[in-house]
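*Asks:* Got a structure for you, written out below as structure tokens; questions coming shortly.
The values are calculated or read from the model by the stated rules, or taken from the named source; none is laboratory data. Because the structure is predicted, anything quoted here is derived from the model rather than measured. Here the Cβ positions follow ideal geometry from the backbone for every residue, glycine too, while neighbour counts run over all protein chains shown.
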Amino acid sequence: MFKDFHVCIQVSDMDRSRSFYQELGFSPLADRRHEDGQVIWQYLRHPDSGTLLELLHFKTVAETAQPLGDRRSLRGLNHIGFHVEDLDRLRGKLEWLGAHIVEQGARSGYRFLFGRGPDGELLGFAEFDR
């Protein structure tokens, strides 16, 4: 019944957000982009996992959204989670991109970190023991 899955992130600056996710390995899908007087949307896919992100920018919406506080206080969608092979390398990439690291740690069987994307979206990354 289901063919695919994506996560939509509403962004304030399409170029900035597209560049951020491209640096994390995502590629824009040329056939899944639309722009008119009101909205720009762009799908990106990660080649290793097939993960799809939809970036959505409403040109008429004021840029007043603020990043949320501690992730434990969120209701609804908590974070966008990615499973990675090299958490240390990814952390370096996030720091290079200027992403704010919110939390990091380890639990039985995996290490994790949480960081903020360009518009404050909470991104989770986990490296599981082999």
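*Asks:* Between a residue in segment 35-50 that is within 12 Å of LEU24 (Cβ to Cβ) and any residue that is surrounded by 13 or more Cβ atoms within 10 Å (Cβ to Cβ) and of a type in the set (Gly, Ala, Ser), which pairs come within a Cβ distance under 6 Å, given they are 6 or more apart or on different chains?
*Replies:* Cβ pairs passing all conditions: HIS46/GLY25.
*Asks:* Examine segment 60-70 for a residue that is exposed (fewer than 13 other Cβ atoms within 10 Å of the Cβ), among the charged types (D, E, K, R), under 18 Å from GLY117 (Cα atoms) and at pLDDT 95 or above, and state whether such a residue exists.
*Replies:* Scanning segment 60-70, I find no residue that is exposed (fewer than 13 other Cβ atoms within 10 Å of the Cβ), among the charged types (D, E, K, R), under 18 Å from GLY117 (Cα atoms) and at pLDDT 95 or above, so the answer is no.
*Asks:* Of all residues in segment 22-33, which are part of a helix (DSSP H, G or I) and either outside the structural domain of THR51 (by TED's automatic domain parsing) or touching a residue at least 60 places away in the same chain (Cβ under 8 Å) (or both)?
*Replies:* Passing the criteria: only GLU23.
*Asks:* Still on this structure, I have one more. Among the residues of segment 96-114, count how many are in contact with a Lys or Arg (Cβ under 8 Å, 6 or more places away or on another chain), part of a strand (DSSP E or B) and of a type in the set (A, V, I, L, M, F, W, C).
*Replies:* The total comes to 4.
*Asks:* Counting only residues that are outside any strand (DSSP E or B) and closer than 18 Å to ARG116 by Cα, how many does segment 1-14 have?
*Replies:* So the answer is 4.
*Asks:* Pick from segment 15-55 the residues that are surrounded by fewer than 17 Cβ atoms within 10 Å (Cβ to Cβ) and of a type in the set (A, V, I, L, M): which of them is nearest to GLY115 (Cα to Cα)?
*Replies:* LEU29
*Asks:* Does LEU123 satisfy being at pLDDT 95 or above and buried (at least 18 other Cβ atoms within 10 Å of the Cβ)?
*Replies:* For LEU123, the condition - at pLDDT 95 or above and buried (at least 18 other Cβ atoms within 10 Å of the Cβ) - is not met.
*Asks:* Another question, if that's okay. State whether one or more residues within segment 72-79 are of a type in the set (Lys, Arg), modelled with pLDDT under 95, surrounded by fewer than 16 Cβ atoms within 10 Å (Cβ to Cβ) and touching a strand residue (DSSP E or B) at 6+ places or on another chain (Cβ under 6 Å).
*Replies:* Taking every residue of segment 72-79 in turn, none turns out to be of a type in the set (Lys, Arg), modelled with pLDDT under 95, surrounded by fewer than 16 Cβ atoms within 10 Å (Cβ to Cβ) and touching a strand residue (DSSP E or B) at 6+ places or on another chain (Cβ under 6 Å).
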